[in-house]
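**Student:** Okay, here's the structure, questions in a sec.
The values are calculated or read from the model by the stated rules, or taken from the named source; none is laboratory data. The structure displayed is predicted, hence computed values, not measured ones. Quick reminder, even Gly has a Cβ in these numbers, built from the backbone with ideal geometry, and neighbours come from all protein chains shown. Side chains are part of the model used for accessible areas, which takes the heavy atoms of the whole protein and leaves out ligands, DNA and RNA. Shrake-Rupley method; radii C 1.70, N 1.55, O 1.52, S 1.80 Å.
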Amino acid sequence: MKHFEVPLGYRSSLISAIKEKRKEDDKLKKDTQPTLLDLGNLKIYLARHFGFCYGVENAIEIAYRTIESNQGKRIFLLSEMIHNPQVNADLLQKGVQFLQDTNGKELIPFETLTKDDIVIIPAFGTTIAMEKKLNAIGIQVQQYNTTCPFVEKVWNRSAQISKKGYSIIIHGKPKHEETRATFSHASANSPTLIVNDMEDTIQLGKIISGELPVADFYSYFNGKYSENFNPVTDLEKFGVVNQTTQLATDTQAISDYLKNCMVAKFGESELPVHFADTRDTLCYATNDNQTAVNSLLEIPADIAFVMGGKNSSNSSHLVELCENRLITYFIDGPEKLIDVNSILNTNWRNKEQTIINNYLPTQDVTTILMTSGASCPDTVVEAVIRQIADYYNVSDALKALEAKWIHSIH
């Protein structure tokens, strides 16, 4: 896989050594067991896969290369390049400005842009309408486009099955930048509908089966379907794709449910005519990170930490998985560890932050599980590990263990 030039400030000597050693020992990535950092009375288990994915590293490399090669020019990001506060803060410090917020609200008037300005498209991609708007100004959109290749894979697969007459159903969060972009590209070729979760899917299944009247479609899915979507004809033949940062198991469950609806309506023998196979659109990094967390959760532990931006969809889903098993704290950096007694925790559902006291276990031996989202720098994970090690008075043991890991790859 391609190696990206990511700023050293996002790299961690400890985490890099661990990842490199695990990669050397498991080139085919078949081992999903976590990595143990045994610090005596503190044991930290790191998920097998976590942190920057291919798409994020690609976006970061393009953005920083763009800044370096365009000194003196005005550089804008269409919105947050990735959902990570450290990366976005660093870009702002380097003079990059955001044109929109994560909901698409304009922060800088587009009429102030000129053809000499540079606009970087974020890793989530953007809508066709936005591309046309920027092109009309004279801005070369594709030259500074950081759209994740796996997001583009979803778009391409949607276009392929559209040519065969299939409608598109997107499993995604309707307001998320990636879902809005995928909806735009899919609906340019085919009738398109967004389902947010299994609840939406069950309602859709009842409409497909005729259990609910067609009129219910328009009220229930208001704002989630493309112009002129006709549920009578457009739900006769479709394929399911996803926002790549969703839980892969949720997407698969939604796809399986709808497939069974089509089998019930048309029969098993007619399924290929009415339901497209789109399993190949699931993002490998999302799958790897979620699979690694499932293995991580097999370890008996006291608490878990998930590092990632509060708006990060893939990070939130990792928290969701962990919370089903044990107390989990969702933070975006070591500064959220206020002190040994207090932590500023983020609720992954509503994004609200609250201070929680007495969050660290105090028994003789404490076991902590850790992972991070695909847009979280390894330096954040390392900083959290170091801070917690300091709280448990095992910093020297951590230094010795780090030296051992670094030595193991030379």
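**Student:** Would you pick out the residues in the range 327-349 that are open to solvent by 30 Å² or more (accessible area, probe 1.4 Å) and either among the small types (Gly, Ala, Ser) or over 17 Å from ARG386 (Cα atoms) (or both)?
**Tutor:** Result: ILE327, LEU344, ASN347, TRP348, ARG349.
**Student:** Could you please let me know if GLU131 is buried (at least 19 other Cβ atoms within 10 Å of the Cβ), of a type in the set (Asp, Glu) and within 26 Å of ASN311 (Cα to Cα)?
**Tutor:** In short, yes.
**Student:** Cβ-Cβ under 8 Å, sequence separation 6+ or interchain: first residue in the range 251-264 and free of Cβ contacts under 8 Å to residues at least 40 places away in the same chain, partner in a helix (DSSP H, G or I) and open to solvent by 60 Å² or more (accessible area, probe 1.4 Å). Which pairs?
**Tutor:** Sorted first by the residue in the range 251-264, then by its partner, the pairs are GLN252/ARG279.
**Student:** Collect the residues in the range 312-325 that are in contact with a helix residue (DSSP H, G or I) (Cβ under 9 Å, 6 or more places away or on another chain) and not hydroxyl-bearing (Ser, Thr, Tyr), keeping them in residue-number order.
**Tutor:** Matches in the range 312-325: ASN314, HIS317, LEU318, LEU321, CYS322.
**Student:** If you check GLU352 against the conditions, is it within 28 Å of ASP200 (Cα to Cα), crowded, with 17+ Cβ neighbours inside 10 Å and acidic (Asp, Glu)?
**Tutor:** no
**Student:** Taking LYS336 as meeting all but one of (1) basic (Lys, Arg); (2) touching a Lys or Arg at 6+ places or on another chain (Cβ under 7 Å); (3) more than 29 Å from VAL241 (Cβ to Cβ), write down the number of the exception.
**Tutor:** Looking at each condition in turn, LYS336 falls short on (2).
**Student:** Inside the range 135-155, can you point out the residues that are over 26 Å from THR278 (Cα atoms) and free of Cβ contacts under 8 Å to residues at least 40 places away in the same chain?
**Tutor:** The answer is ASN135, ALA136, ILE137, GLY138, ILE139, GLN140, VAL141, GLN142, GLN143.
**Student:** Among what's in the range 295-311 and is closer than 24 Å to ASP197 by Cβ and out of contact with any helix residue (DSSP H, G or I) (no Cβ under 7 Å at 6 or more places or on another chain), pick the residue that is least open to solvent (accessible area, probe 1.4 Å).
**Tutor:** ASN311
**Student:** Could I ask something else about it? Counting just the residues of the range 227-239 that are assigned to a helix (DSSP H, G or I) and in contact (Cβ under 8 Å) with a residue 12 or more places away in the chain, which one comes out surrounded by the fewest Cβ atoms within 10 Å (Cβ to Cβ)?
**Tutor:** By that ranking, first place goes to VAL232.
**Student:** Scan the range 250-270 residue by residue and report those that are aliphatic (A, V, I, L, M) and surrounded by fewer than 16 Cβ atoms within 10 Å (Cβ to Cβ).
**Tutor:** Passing the criteria: ALA253, VAL263, ALA264.
**Student:** Using the structure shown, decide if ASN358 is farther than 30 Å from GLU24 by Cβ, open to solvent by 30 Å² or more (accessible area, probe 1.4 Å) and not small (Gly, Ala, Ser).
**Tutor:** The answer is yes for ASN358.
**Student:** Go through the range 240-249 and count every residue that is surrounded by fewer than 24 Cβ atoms within 10 Å (Cβ to Cβ) and touching a residue at least 60 places away in the same chain (Cβ under 8 Å).
**Tutor:** Of the residues in that region, 1 qualify.
**Student:** THR291: out of contact with any Ser or Thr (no Cβ under 7 Å at 6 or more places or on another chain) and either part of a loop (DSSP other than H, G, I, E, B) or among the hydroxyl-bearing types (Ser, Thr, Tyr) (or both), yes or no?
**Tutor:** no
**Student:** Now a separate question. So the check is Cβ under 9 Å with 6+ separation or different chains; which pairs have a first residue in the range 283-308 that's free of Cβ contacts under 8 Å to residues at least 24 places away in the same chain and a second one that's of a type outside the set (Asp, Glu)?
**Tutor:** Pairs that qualify, where the first residue is free of Cβ contacts under 8 Å to residues at least 24 places away in the same chain and the partner is of a type outside the set (Asp, Glu), are GLU298/GLN33; GLU298/PRO34.
**Student:** Collect the residues in the range 350-376 that are in contact (Cβ under 8 Å) with a residue 12 or more places away in the chain and closer than 13 Å to ILE388 by Cα, keeping them in residue-number order.
**Tutor:** TYR359, LEU360, PRO361, THR366, THR367, ILE368, LEU369, MET370 - these are the residues of the range 350-376 that are in contact (Cβ under 8 Å) with a residue 12 or more places away in the chain and closer than 13 Å to ILE388 by Cα.
**Student:** Further, regarding this structure: Looking at the structure I just gave you, is ASP101 at pLDDT below 95, more than 23 Å from TYR10 (Cα to Cα) and among the charged types (D, E, K, R)?
**Tutor:** Yes.
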